[in-house]
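Quick notes on the structure that follows.
The values are calculated or read from the model by the stated rules, or taken from the named source; none is laboratory data. This structure is a prediction, so every number in the text was calculated from the model and none was measured. Neighbour counts run over all protein chains shown; Cβ positions are idealised from the backbone, glycine included.
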Amino acid sequence: MGAHVEVRRGIRSASGRAELWRGLRRRLDEYSLTLRLLLKRPLAAAGLLITLLYVGIAIAASFLPDRDVLQTNFTTAYPQPPWWWGNGTPGSWFGTTYPGIDLGMAIFKAIRIDLYYSSIVVLGGAIVGMLVGLVAGYKGGLFDEGLMRSTDVAYSIPFLVFAIAVAYVISRDFTTLNLSLLILWWPPYARLVRSQVLAVKANMFVEAARAAGASDLRIMFRHILPNTLAPVFVQVSLDLGVVIQIFAALIFIGFVPHSGYLPELGALIFYGFGSEPTSYPWTILFPGLALVIFTVGVNLLGDGLRDVLDPRLRR
Amino acid sequence: MLPSDRQAHEILVGAVGLKKHFPVKGGVLRRTIAQVRAVDGVDLFVRRGETLALVGESGCGKTTLGRLLLRLIPPTSGEVLFNVPANLYASARDRWQRTAEEDGAMRSPKGPQGDGLDPYAITRLRTRAFKPFRRRMQPVFQDPFTSLDPRMLVKDILAEPILINNQMTRPEAMERVAQLLQEVGLRPDHLYRFPHEFSGGQRQRIAIARALAPEPEFLLLDEPTSALDVSVQAQILNLLKDIQRRQGLTYLLITHNLSVVRHMADRVAVMYLGRIVEEAPTRELFESPLHPYTKALLSAVPVPDPKRRREKILLPGDVPSPVDPPTGCRFHTRCNAVMPHCGWSPRDAASATAYLFDSSRNPHASTLPALSEVSMEGNRLRLLFGGSRPSEAQRQVVADLVRGRAAEAGGMAFQAIREVVLEEGSIVLEFPPPLEPAWVEVSPGHSVACYLYPQPQA
Amino acid sequence: MLSVQGLQTEFLTPRGVIRAADGVDFDIQEGEVLGLVGESGCGKSVTALSIMYLIPTPPGRIASGAIWFRGINLLAGSENEATVRRGLGGKPKLVRNDTALRRHRARMAKIRGREVSMIFQEPMSSLNPVLPVGYQIAEVLIYQRRKVICDRLLARREITDEDLELFKEAVTHPDAAQRERLLADFCLQTALPVEKVAAIIDRSGLQMEERLARIRRLSERTKTRHAWFLRLARELDVLESEWITREWRVLSGVASSEDDRRRLAAQAQFRSRQALFRLVMSIPVLRRILMRPIEEEARRRVLEQLKNVRISEPHKVYNEYPHELSGGMQQRVMIAMALACDPALMIADEPTTSLDVTTQAQILTLVRDLRERIHSSILYITHDLAVIAELCDRVAVMYAGKIVEEAPVGDLFAHPLHPYTEGLLESIVSLDKEVPTDAPLPTIAGTVPDLLSPPSGCRFHPRCKYAFARCKTEEPRLLPQGESRRVACFLYEEGGSRATERPAGA
């Protein structure tokens, strides 16, 4: 008898694992369907490719040695053209820029820094906004009213001015920059998620979950949140492009003081400007292109996602 | 666990004096400007093991009533009792009616009252204390397309209520889920699918399985087949009957489809504008309906047989707004058997009065001075005639005019006028105080709220 | 009157081609009510939309078939509007020919509303939410029925004593609804502007003599003027429908040489008058002055129409916005709009499905009364067999994009031929059908097939209890059975087990 129970329990736990595994596989199928649908759209596929390429570069760049690019030789500190430019430097693909930096290497590193900080802002903003929007939309009432009015206030503050003001008061470094952007970056997400929550909340499955005894937290995070994510993904990918530009712009105008060398796209463009861009056009062309390509890439991806995640197209 | 938990009492779900008013917000400050009286004083009980059908047209409050019974929304006043002995329910209802008469604005009591109902009144419980009751009453909703979470696999949808309510390990729960799926006629491989991969009928089966998952005693079926095709509807109804027979469940079937009621229910309650107007065993209700509304409702159902025609009773106009329901019997504005004492009030007559006393329209009114103002004061309609004070002779003219109008078509509101009196320089048309018809038990188990049937002497 | 032959309508979806209507055949006689019944997704609405030419392109297109309506093929000239081509990677793609589409739509616009009109399930979605409902109906009238309006205006006469009696009654009647009705009657008889008359009636404390004097003055002021313009507008309307009808006959391949000649003549005349008309209309002041009587007459006709659908206070409803009306009222307004132009065919697509039973009863009674007064044929689409039984003369049963059975309503209910019809009738839960409460309801096993990959052979065979080998491989044709019925089932073909059975009444 005992042995029998043992055996049954063994079968059960095995079947339990199988169940989880099968469920996971089914979910993965669903994601791969999304991916396939995405890849069917040439522009979206290009966007995805570009985004992945940048992420790959960012990861690879963190393995590059840190300080090997500065030229000590003063004569070579002037920008050198890439080898294919006409009387270029052999072996150099993107030329060098003012303090004697190899531009290719510098752009690699800059992408890493830019992607890192802009993801923190966008993802941080998205997460904070999501939580706020979720609670506001679900609970409603005065809490909702208060939160939404405060997002109104946040909406009305111009970005650059605010960032500069914060920097003036606190300090001019990356942390401050990140923080000041974060403060203004979550309200749109809160709004977006709140409106989604209001729509999802009206579905009867929420009522059914409540009838089944699910707690508010469970309903919010397990039933409502997953159904509001699609537009957030779209917004995140679109925002990445915007934030990276803001970063570059702020650093270009000297928000973060950098004596010498800072591997950041805005800073690289700044160096190029400092060294007669009419004579050495590649110094601003390549960092600028890196910025443009990334922005276009994430925008294409975002637009593609918008279409693909639309439930009406999936059925 | 409460003591009532272990015993099975006769009445599984009972409502006493249940009301739900939704505020209508308006203006800049979003203040409450009106109340939608969705459910307005309902006494209702469902016996263990039976199917009670709640029928009524859209907007009559039947869905809100269902949600109140499951405590998905809190009542404005009134109580919901669960698993209660019949005698206790009856006494609770009487007591509530008595207190409600004395104190109109009664609220639902919170916390224990020491009146013997504490173990049964689920509306008195705090959220946490109510939790064990949750699993015992489950809903099935109308629209199978929004009632299943589109991001969850069927197995997770079904496992959720089990894992929340029953002390089961995950593998045990999964075993039960597979079993449930079989019970509602789906295949085990359907477990690993998303809701959108199913047809409407299949989704409704899943919704039923989910409701059955925590082993409830009471199922609230809110229009379970009205979104489905005819051939699928029959399948689902059969399934529901089959499950009820096997598991001894109690159903409250909310529907507007009277044909479904006839097939499914043991008893029927008919609802109109937030009130139950008639309640009877199914066969009796269909064979000898008493309330004029029930009669109209039954006659309106199309007959699927071209050779037979049922004489239709057409109700004039639309259902009045539940924001400001008619006084007295709420059905009096559309009733074809209406009488002078059904609850006519000044507002039914106000607009017609102005025409009645305009001398250029009605020559009999030429001896009266021009009518300057008509105002409603409770059950009195006051007529002001410019600056002049009307005389007794003029009062007589008004009374004659009212009598004349009462004899004409559509003059029922004027028939209701009890007296025409002279008062403070004006003439007042007095209506009887608006009383709602009492709930009369005409034959065993068959009750109706209508003045056509002998009212108990007050 | 209307004959649908082999209608195929398909939709391109990301998952493939869905043939929603796949060879639909049926006829409607003059003055007949044909019920089209089937479950959701069987293609009954698509059929209706195809007749109205309201299939959205893309993703849909009418692939083949003919819709003969009073001697013209409504699909003639629309053949090349949208073609399916293989795109990149073999994916089918819809290529639209915009010029052809535009031309055909313009032609259809003259038929739609005027000759064929439609009532939808959701009245809200077909009414413009920002315009009063009466105005919307009037607009349709001005566009589609200019000839009738101008005729009436040209035939306007002096006000008579009889008219004045009616007016007196309208003033003095004690019942508000009745007063409204009398007002509408009076305005219709005398062709006086409704608001002005209503204003005279509603003023209280006015003596009757004064009211009558005002009405006389009003009548004097609103005598028909600018008759030349009314004649122009009328002629324009007549010529346009003439050349379009004749062009359509040419396209349909049924035109005589006479037709061809007259078409060109009418077209030329139309163009020359249209130039003048446009010139006049391009001057705002002139336009206002000249169009005003036409608009007022349209308004009168709308009020009459609202009265016809038993709206008790037409004048009030005229000025209301769609959302201010209840569901039943909205549907009445839709019916009034559909009837406004006296169409030859009215298509009603589940008009009562979203309504309550008592409201449904009101609407059904209304439709039944209307069909005795008006002379339209009705195509009534529903999933509710009980409604069909109450309303229709003949029924066509549709399943998975095909008509499976067609019969007079009495015969169908008394003796269904197709197994699907049989199952459908059995599975109805009816008030009067005394079922022992314990016995399960008879059902049709299985579910409606996915039209993306319909079953082979007879589409009903997977759910059919009589299915045999032939049903899986061959598709049954819709063949006559007896005098007045048709059925698509092998049971009734040569060699089928029921081939010799002659159903009662057939």
Please note which helices (runs of 4 or more DSSP H) are completely contained in the range B:83-172 and include at least 1 residues that are within 13 Å of another protein chain (Cβ to nearest Cβ) and in contact with a strand residue (DSSP E or B) (Cβ under 9 Å, 6 or more places away or on another chain). B:127-134, B:154-165
Out of the residues in the range C:458-476 that are outside any loop (DSSP other than H, G, I, E, B) and in contact with a His (Cβ under 7 Å, 6 or more places away or on another chain), which is surrounded by the most Cβ atoms within 10 Å (Cβ to Cβ)? C:471
When residue B:261 is evaluated against the numbered criteria (1) buried (at least 22 other Cβ atoms within 10 Å of the Cβ); (2) within 11 Å of chain C (Cβ to nearest Cβ); (3) without any contact (Cβ under 8 Å) to a residue 40 or more places away in the chain, which criterion, by number, is the only one it fails? (3)
Filter the range A:153-175 down to the residues that are free of Cβ contacts under 8 Å to residues at least 24 places away in the same chain and surrounded by fewer than 18 Cβ atoms within 10 Å (Cβ to Cβ) and list them by number. A:153, A:156, A:158, A:161, A:162, A:165, A:168, A:169, A:170, A:171, A:175
Please enumerate the residues belonging to the range B:330-366 that are among the basic types (Lys, Arg) and closer than 24 Å to residue B:314 by Cα. B:330, B:334, B:347
Count of residues meeting criterion [over 16 Å from residue A:212 (Cβ atoms) and basic (Lys, Arg)] in the range B:129-162: 1
Segments classed as strands (runs of 3 or more DSSP E), wholly inside the range C:55-154, with at least 3 members that are surrounded by fewer than 21 Cβ atoms within 10 Å (Cβ to Cβ): C:60-69, C:82-86, C:92-96
Go through (1) within 14 Å of chain B (Cβ to nearest Cβ); (2) crowded, with 16+ Cβ neighbours inside 10 Å; (3) modelled with pLDDT of 85 or more for residue A:47 and report which single condition fails. (1)
Counted residues in the range C:218-233 being surrounded by 19 or more Cβ atoms within 10 Å (Cβ to Cβ) and within 28 Å of residue C:72 (Cβ to Cβ) come to 1
Determine whether the range B:221-230 contains at least one residue that is over 20 Å from residue B:63 (Cα atoms), more than 9 Å from every other protein chain (Cβ to nearest Cβ) and either touching a Ser or Thr at 6+ places or on another chain (Cβ under 6 Å) or among the acidic types (Asp, Glu) (or both). no
If we scan the range B:237-257, do we find a residue that is in the same structural domain as residue B:44 (by TED's automatic domain parsing), of a type in the set (D, E, K, R), within 30 Å of residue B:70 (Cα to Cα) and within 21 Å of the chain's Cα centre (by Cα)? no
Looking for whichever is in contact (Cβ under 8 Å) with a residue 40 or more places away in the chain, more than 33 Å from the chain's Cα centre (by Cα) and farther than 24 Å from residue B:66 by Cβ here; the options are B:153, B:181. Which one fits? B:153
Only one residue in C:391, C:452, C:425 is under 17 Å from residue B:230 (Cα atoms), within 12 Å of another protein chain (Cβ to nearest Cβ) and not β-branched (Val, Ile, Thr). Which one? C:425
Hey, residue A:250 out of contact with any Lys or Arg (no Cβ under 6 Å at 6 or more places or on another chain), within 14 Å of chain B (Cβ to nearest Cβ), part of a helix (DSSP H, G or I) and touching a residue at least 12 places away in the same chain (Cβ under 8 Å) or not: no
Candidates B:377, B:392 - the one that is closer than 30 Å to residue B:335 by Cβ and either of a type in the set (Phe, Trp, Tyr) or modelled with pLDDT of 80 or more (or both): B:377
Pair list, Cβ < 6 Å and 6+ apart or interchain, from the range C:141-165 residues that are acidic (Asp, Glu) to residues that are in a helix (DSSP H, G or I) and surrounded by 16 or more Cβ atoms within 10 Å (Cβ to Cβ): C:163/C:189; C:163/C:190
What pairs come out if I take residues in the range B:307-320 that are within 18 Å of residue B:333 (Cα to Cα) and at the interface with chain C (Cβ under 7 Å from one of its Cβ atoms) and pair them with residues that are buried (at least 16 other Cβ atoms within 10 Å of the Cβ) and among the charged types (D, E, K, R) whose C-beta lies under 6 Å away, six or more apart or interchain? B:315/B:334
Report yes if residue A:210 is without any contact (Cβ under 8 Å) to a residue 12 or more places away in the chain and among the basic types (Lys, Arg), otherwise no. yes
Hey, does the range A:198-205 have a residue that's more than 13 Å from chain B (Cβ to nearest Cβ) and under 27 Å from residue B:160 (Cα atoms)? yes
For the condition exposed (fewer than 15 other Cβ atoms within 10 Å of the Cβ) and closer than 21 Å to residue A:232 by Cα, what is the one hit in A:146, A:125, A:140? A:140
All but one of (1) within 29 Å of residue C:357 (Cβ to Cβ); (2) crowded, with 22+ Cβ neighbours inside 10 Å; (3) in contact with a helix residue (DSSP H, G or I) (Cβ under 8 Å, 6 or more places away or on another chain) hold for residue B:68, so report the exception by its number. (3)
Out of C:190, C:245, C:172, sole residue that is crowded, with 19+ Cβ neighbours inside 10 Å, over 30 Å from residue C:272 (Cα atoms), among the hydroxyl-bearing types (Ser, Thr, Tyr) and in contact with a helix residue (DSSP H, G or I) (Cβ under 9 Å, 6 or more places away or on another chain): C:190
Answer from C:271, C:262, C:310 - the residue that is without any contact (Cβ under 8 Å) to a residue 12 or more places away in the chain and surrounded by fewer than 23 Cβ atoms within 10 Å (Cβ to Cβ): C:271
Candidates B:323, B:303 - the one that is within 23 Å of residue B:435 (Cβ to Cβ) and either away from chain C (no Cβ under 12 Å) or in a loop (DSSP other than H, G, I, E, B) (or both): B:323
If you go through the range B:351-365, how many residues are within 37 Å of the chain's Cα centre (by Cα), of a type in the set (S, T, N, Q) and at the interface with chain C (Cβ under 7 Å from one of its Cβ atoms)? 1
In the range B:197-208, is there at least one residue being farther than 30 Å from residue C:398 by Cβ and either in a helix (DSSP H, G or I) or at pLDDT 95 or above (or both)? no
Condition test on residue C:407, is it under 20 Å from residue C:38 (Cβ atoms) and in contact with a strand residue (DSSP E or B) (Cβ under 6 Å, 6 or more places away or on another chain)? yes
